[in-house]
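None of the figures in this text is laboratory data; all of them are computed from the coordinates on show. On a predicted model such as this, the values are computed, not experimentally measured, just so you know. Virtual Cβ from ideal backbone geometry, glycine too; neighbours counted across all protein chains shown.
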Amino acid sequence: MSLYGNMNSTGDALGCVCDLRSDTMTRPDDAMRAAISTANVGDDVYGEDPSVTALEARMAQMLDKEAAVFFPTGTQSNLAAVMAHCGRGDEVIIGDSYHIYCDEAAGASVLAGVSMNAIAADLDGALSPALVADNIKDDDPHYARSRLLCLENTVGGQVISLTKMQAAAQVAWNSGLAVHLDGARFFNAITVLGCRATDLAKCADTVSVCLSKGLGAPAGSVLLGPQAVMSQARRNRKILGGAMRQAGVLAAAGLYALDNNIPDLAQDHARAARMGDALRKLNVGEVKQGSNMLFFTPAPEHHQPLGIHMANAGVRIGGQSPAIRMVLHRDVTDEGLDTAIAAFRSYYS
Ligand SMILES: Cc1ncc(COP(=O)(O)O)c(C=O)c1O
């Protein structure tokens, strides 16, 4: 079953009080909308949008990278990064559960002639350094050229330690590969790790960071890395459909999120843990929780009726099978969470 469920209906249309399908459901609040409405804007294709320039500079400083480029989506940001590191016939080594491999329509292969070597990620989402090393190909005309290692953190909500990130990256660097980190939920990861943004960012040459998930902005991803790679990524953005003009309205939302919303991620994690505890007490299926995500595996015959029961109670949960994904985010209040927990209890009572 698709991860994405019924995309034609909004939570509101269904009288939804609590939408747990994804942290992409977050909507800009009044203060963010005020920041959007007063944003200084210009034509970013001319490099003249002051809000975009400010966002890129702020993120580059936060992560201690030379340069940054603003993209509308994480998917485009990741693809532009892969294309900046790799040419046709090059190969990316990547975790077999990672978003770039599973959920980005094979864009790197379709558009850039890059092959994906998906290796088994460990249970915690990390890549074993030994397995990475085994998969780096010799320079031989029979083989694709191993060029890039793609890491991800968080992976399905799970947070990978800095030690594991560094160990995998080091193996790649030792063999002359570059390292890209899909940090769609970069700030969730550093919140759990209790580290600085620079500590995680230095585990990779390039990092993509989404603003449109737990941080609550309506759109946007920032790609960061060395100046030369970012210049190529900016060119790739054009190849992939071009840039946005007065994108400052989106960048202003991103700047607002960086200024105000990062500390709130800890609350999302605490709420996910509370929901995990409540589900474990029911003892009706496996529960896995990390950062803001929960995966609950009901008995197969309960899968569909449970979804309907929850929807009738105003709670939308993921449609994935066998494990249902639920994601806590800033638009889910304690009351919404109480409603969701009560609905699970009433289903199983
Ligand atoms: C880990 C990860 N990377 C990348 C993306 C892509 O982001 P976008 O939806 O902005 O294209 C997502 C989206 O959910 C994601 O979860």
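Summing charges over neighbours of Leu200, with a neighbour being any other residue whose Cβ is under 14 Å away from its Cβ, gives 0 when K and R count +1 and D and E count -1. Relative to the longest principal axis of the Cα atoms of the chain, helix 265-282 runs at roughly 50 degrees.
Taking Cα pairs under 8 Å and at least six residues apart, what relative contact order does the chain come out at, in percent?
On the way: 707 pairs, mean separation 92.4, N = 349.
In percent, rounded to a whole number, it is 26.
Between Asp64 and Ala273, the simple label model (points 7 Å from Cα in the Cβ direction) yields a spacing of 2.8 nm.
Taking Cβ atoms as reference points and 14 Å as the exclusive limit, the residues near Ala126 contribute a net charge of -4, counting Lys and Arg as +1 and Asp and Glu as -1. Tell me the angle of helix 50-63 to the major Cα principal axis of the chain, expressed in degrees between 0 and 90 and rounded to the nearest ten. Helix 50-63 sits roughly 90 degrees off the main axis of the chain. Taking the DSSP bridge list for the chain and keeping only pairs wholly inside it, about 50 percent are antiparallel.
Annotation: extensible slack from Ala57 through Ser37 equals 5.1 nm (criterion: 0.36 nm per residue apart, minus Cα-Cα distance). Relative to the longest principal axis of the Cα atoms of the chain, the long axis of helix 334-348 lies at roughly 60 degrees.
Considering every Cα-Cα pair within the chain, what fraction, in whole percent, is farther apart than 26 Å? So the pairs more than 26 Å apart make up 50 percent of the total in the chain.
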